[in-house]
Amino acid sequence: MQALLFDKGKIKRSFSAAAADYDRFAHLQRQVGDVLLARFPPRGQPGRVLDLGSGTGFLARRLMAMPGAADVVALDIALAMLQANRRLNTDAVAYVCADAESLPLAADVVSHVYSNLAMQWVERLDHALAECRRVLRPGGRLVFSTFGLHTLCELKAAWAAVDGHTHVNRFLSADEISAVLEKTGFHGHTLQQQTYCCSYPSVLALMQELKAIGAHNVNQARKRSTTTPSQLQRMIQHYPANADGSIIATYDVLLIEATT
Ligand SMILES: C[S@@+](CC[C@H](N)C(=O)[O-])C[C@H]1O[C@@H](n2cnc3c(N)ncnc32)[C@H](O)[C@@H]1O
C-alpha cells in the first residue's frame, strides 16, 4: 500500500502543543470512543489492553472500568499527551511514548488493542496493523475507529476551489482499510460506517477546533507558505453555509473489530 507521506515531526509537535486544550474541544472523539466501546466491548478473560494513540486517556479511563481489561498500556507518539494522560494516577496504566508503526513491545503480550481516532495519523496503516497483529496474543482482538474517505469533504471541496494544494489530510476508504486488515493477517473483521454531521457557528470555528485538538494538515505535499487572508476568505465563500452563517462538517467514521 502507498504511504501517505506525513510529516511525523509535525504530528508529534501538533499533538503535544494541543495536549492542554484537547479535552475541551474533543467532543466528537469522546462520542465516537463511547460508541466504539458499546459496539465492541472487551471480551473473554481479563488481560492486558493496549490503547494505541491514547492521547489524554479518554479511552484508557473507560477501558480500566470495564470487565475484560486487567491493565492498560497507554501509548502515544506525543509526550505531552501522555503527560496529560498521567492524571489517571494509577498503577494499572503503563505509559509508553512510541510510534504505532514500530511498537516497543514483545510479541503476543496483549489480549486487545483499542484505538480511538488515531489510526488516520499513521503514515503506513499496513505497518501499524502488522504491529498490532504481532503484539496480540492468538485469539486477541483489534478494535479501532478511524476517519473514512469523506471526512471533511466540504472543507476539502472549498479549498479545491481556491488552489490545487493539499489543505486537508487524505483519509482511506473502507475498502482500502479492509484490504490492509486482510493483508496483515487479521482473519475476520466487522466494519461499520457512521456519518456524523457536526454544526459550527462558522468555518473559522471549525478550523479553530481542528487546530485545538492538534488535527493540522500534516501532508508532506501541503502548502508550505502562509495562507493569505484573501485565500482564506475565498475558501470560506466556497464553503456551503446556512442563512445564519453556520456550517456543517461531515465526519465519515469507521468502527472496526478484527480478530487474529
Ligand atoms: C485525535 S487524538 C485521539 C486521542 C484519543 N484516542 C482520544 O480518543 O481522545 C489522536 C492521537 O494519536 C496520536 N498519534 C498520532 N500518530 C501516532 C503514531 N504514529 N503513533 C502513536 N500515536 C500517534 C496523537 O499524538 C494523538 O494523541
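Of note:
- Qualifying residue in segment 47-58 (condition: closer than 28 Å to Gly185 by Cα, touching a residue at least 60 places away in the same chain (Cβ under 8 Å) and basic (Lys, Arg)): yes
- Exactly one residue out of Val113, Val162 is surrounded by 23 or more Cβ atoms within 10 Å (Cβ to Cβ), β-branched (Val, Ile, Thr) and touching a residue at least 60 places away in the same chain (Cβ under 8 Å), and it is Val113.
- Residue selection: Thr90 fails the criterion of being surrounded by 22 or more Cβ atoms within 10 Å (Cβ to Cβ), assigned to a loop (DSSP other than H, G, I, E, B) and at negative phi.
- Which numbered condition Val203 fails, given (1) over 20 Å from Ala118 (Cβ atoms); (2) at pLDDT below 95: (2)
Conditions (1) more than 17 Å from the chain's Cα centre (by Cα); (2) part of a helix (DSSP H, G or I); (3) within 22 Å of His187 (Cβ to Cβ); (4) within 13 Å of the ligand (Cβ to nearest atom), marked per residue:
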site: Ala74; (1), (2), (3), (4): no, no, no, yes
site: Ala107; (1), (2), (3), (4): yes, no, yes, no
site: Ser115; (1), (2), (3), (4): no, no, yes, yes
site: Gln120; (1), (2), (3), (4): no, yes, no, yes
site: Glu123; (1), (2), (3), (4): no, no, no, yes
site: Leu129; (1), (2), (3), (4): no, yes, yes, yes
site: Phe144; (1), (2), (3), (4): no, no, yes, yes
site: Thr151; (1), (2), (3), (4): no, no, no, yes
site: Ala158; (1), (2), (3), (4): yes, yes, no, no
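- Test: residue in segment 213-221 that is surrounded by fewer than 18 Cβ atoms within 10 Å (Cβ to Cβ), within 18 Å of the chain's Cα centre (by Cα) and touching a residue at least 40 places away in the same chain (Cβ under 8 Å): no
- Total residues in segment 28-76 satisfying the condition of being hydroxyl-bearing (Ser, Thr, Tyr) and within 11 Å of Ser115 (Cα to Cα): the figure is 1.
- Tallying residues that are crowded, with 20+ Cβ neighbours inside 10 Å and of a type in the set (A, V, I, L, M, F, W, C) within segment 238-254 yields 4.
- Among the residues of segment 30-58, those identified as within 14 Å of the ligand (Cβ to nearest atom) and part of a loop (DSSP other than H, G, I, E, B) are Gly53, Ser54, Gly55, Thr56, Gly57.
- Close pairs from segment 10-27: first under 13 Å from Ala118 (Cα atoms) and within 10 Å of the ligand (Cβ to nearest atom), partner among the hydrophobic types (A, V, I, L, M, F, W, C) and part of a helix (DSSP H, G or I), Cβ under 6 Å, at least 6 apart: Ile11/Trp121; Phe15/Met81
The values are calculated or read from the model by the stated rules, or taken from the named source; none is laboratory data. Remember, it's a predicted structure, so these values are computed and weren't measured experimentally. No Cβ is skipped: glycine too gets one built from the backbone with ideal geometry, and neighbour counts run over all protein chains shown.
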